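All remarks here apply to the structure that follows.
The values are calculated or read from the model by the stated rules, or taken from the named source; none is laboratory data. Nothing here was measured: the structure is a model prediction, and the numbers come from that model. Cβ: placed from backbone, ideal geometry, glycine included. Neighbour counts: every protein chain shown.
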Amino acid sequence: MPVGRAGVLAVCAAALLTACSPASGEGDATAARESGLEAAQRALSEQALTTLAARSCPALPEQTVLQGLPDDVLQCLGSGPARAVNAGDGRPTVVNLWASWCAPCVREMPMLQATADRAGAAARFVGIDIQDKRDSAAGLLDATGVGYEQFDDPDGIVRTALRAVGLPVTVVFDAQGREVARRAGEIDAAWLEDALQKAGVPLSAAPAASPQG
């Protein structure tokens, strides 16, 4: 039976619609992938927060005042006592302001930890997480291997007190709480070593680089 013009148009239209529509099951597969990604992200966040809860801020004697820092009390990023930002324990102190959303902060954190390891008990290293999400901050600390004490500053109190526009910011104090060095922006190991020497901190030799295989 011959097919009229209207029938031909109807068949062509149906073919075009079939060609332009997603293949059967493709939409379900996309939804499943998105659901899997969301589940993986939730699992990572939960793991990071669990690890964060195991971190601690030590209860230290408050022997000096870190000049120029506010006396606001911040909560430990992890478990441990809250502490006034400007409370020093009588050792030279490095205070580093950072956030997980700050790329230069991420780059310098492994170096900060390596220098803290070299300084040992001769210096105190303190991180202050500025206006950040706890799970994101926890994930970054895990990824970079940073283990020194950290405090949470959700309102950016310390950054405001230091009149810092951006992050990171690093301030080094001597044993009497006097500021000996400050840098707004990313620092390198040479700058930090020089600042610690000004603060009277002896550093052990840097660990030898592992041989390339």
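Here are a few things to note about the model shown:
- Applying the condition of being in contact with a helix residue (DSSP H, G or I) (Cβ under 8 Å, 6 or more places away or on another chain) and surrounded by fewer than 18 Cβ atoms within 10 Å (Cβ to Cβ) to region 88-112 and asking which residue is nearest to Ala161 (Cα to Cα) yields Trp101.
- Criterion violated by Gly120 - all others in (1) outside any loop (DSSP other than H, G, I, E, B); (2) in contact with a helix residue (DSSP H, G or I) (Cβ under 9 Å, 6 or more places away or on another chain) satisfied: (2)
- For region 83-108, the tally of residues that are closer than 21 Å to Ala137 by Cβ, of a type in the set (Gly, Ala, Ser) and free of Cβ contacts under 8 Å to residues at least 60 places away in the same chain stands at 3.
- Of all residues in region 58-95, those that are of a type in the set (Asp, Glu) and under 22 Å from the mean Cα position of the chain (by Cα) total 1.
Okay, residues lined up against (1) of a type outside the set (Phe, Trp, Tyr); (2) within 17 Å of the chain's Cα centre (by Cα); (3) in the same structural domain as Gln63 (by TED's automatic domain parsing):
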residue: Gln113; (1), (2), (3): yes, yes, yes
residue: Lys133; (1), (2), (3): yes, yes, yes
residue: Ala138; (1), (2), (3): yes, yes, yes
residue: Asp153; (1), (2), (3): yes, yes, yes
residue: Gly156; (1), (2), (3): yes, yes, yes
residue: Thr160; (1), (2), (3): yes, no, yes
residue: Gly166; (1), (2), (3): yes, yes, yes
residue: Phe173; (1), (2), (3): no, no, yes
residue: Glu179; (1), (2), (3): yes, no, yes
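- Boolean, Gly147 is surrounded by fewer than 21 Cβ atoms within 10 Å (Cβ to Cβ) and either touching a helix residue (DSSP H, G or I) at 6+ places or on another chain (Cβ under 8 Å) or free of Cβ contacts under 8 Å to residues at least 60 places away in the same chain (or both): yes
- Taking the listed residues Gly139, Gly177, the one that is modelled with pLDDT of 95 or more, closer than 26 Å to Pro81 by Cβ and surrounded by 15 or more Cβ atoms within 10 Å (Cβ to Cβ) is Gly177, with no other qualifying.
- Flag for Gly177 being at positive phi and of a type in the set (Gly, Ala, Ser): yes
- The single residue among Gln197, Gln176 that is in contact (Cβ under 8 Å) with a residue 40 or more places away in the chain, out of contact with any helix residue (DSSP H, G or I) (no Cβ under 8 Å at 6 or more places or on another chain), of a type in the set (S, T, N, Q) and over 15 Å from Gln113 (Cβ atoms) turns out to be Gln176.
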